[in-house]
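What follows draws every value from the coordinates through simple rules; no lab data is involved. Computed from a predicted model, the values in this text were never measured in an experiment. Virtual Cβ from ideal backbone geometry, glycine too; neighbours counted across all protein chains shown.
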């Protein structure tokens, strides 16, 4: 994989699902649906949207998890749930926390109201340096970053601009293709 560049496997920004930061959740869902219809059907579907600002620059990313968490604003009151499990806090503790904070007690009751009230910019993830990979990186380097960082995707950057998304699913597919060519 040393001679394969990230740019050969990434999804270019122009082909990725995007939405403006001032859009609401309803508009984001429609944008994702439309992007799925236009996207190459031989590839895995998008699981996130890139969020752009007024200057058409990518300002963040909205994943499926971000959207679901955004529909239940009480998650902001709770610490990182994945961190809790790493500290050995089990299912019963998580259940009691859900009950105490009343998470998802009536999750979908007002979903239509929430979908038009909640803005993408309020629930999107703002990428950090560790969420990015240089466009000139090899697939080996990027795969290492995906694994170590436990990322579902990395933003591909060239000269400070986001030019694409390297998705774990596409890297996995590429690796599987390579494994199938092995002479065993």
- Note on the structure: Final fewest-first order of 16, 44 on the 10 Å Cβ neighbour count is 44, 16
- Item | Reciprocal of mean inverse Cα separation for region 123-169 (Kirkwood radius, Å) | 10.8
- Query: By counting other Cβ atoms within 10 Å of each Cβ, how are 61, 180 ranked from fewest to most?
  - Reply: 180, 61
- Would you order 144, 46, 151 from fewest to most other beta-carbon atoms within 10 Å of each residue's own beta-carbon? 144, 151, 46
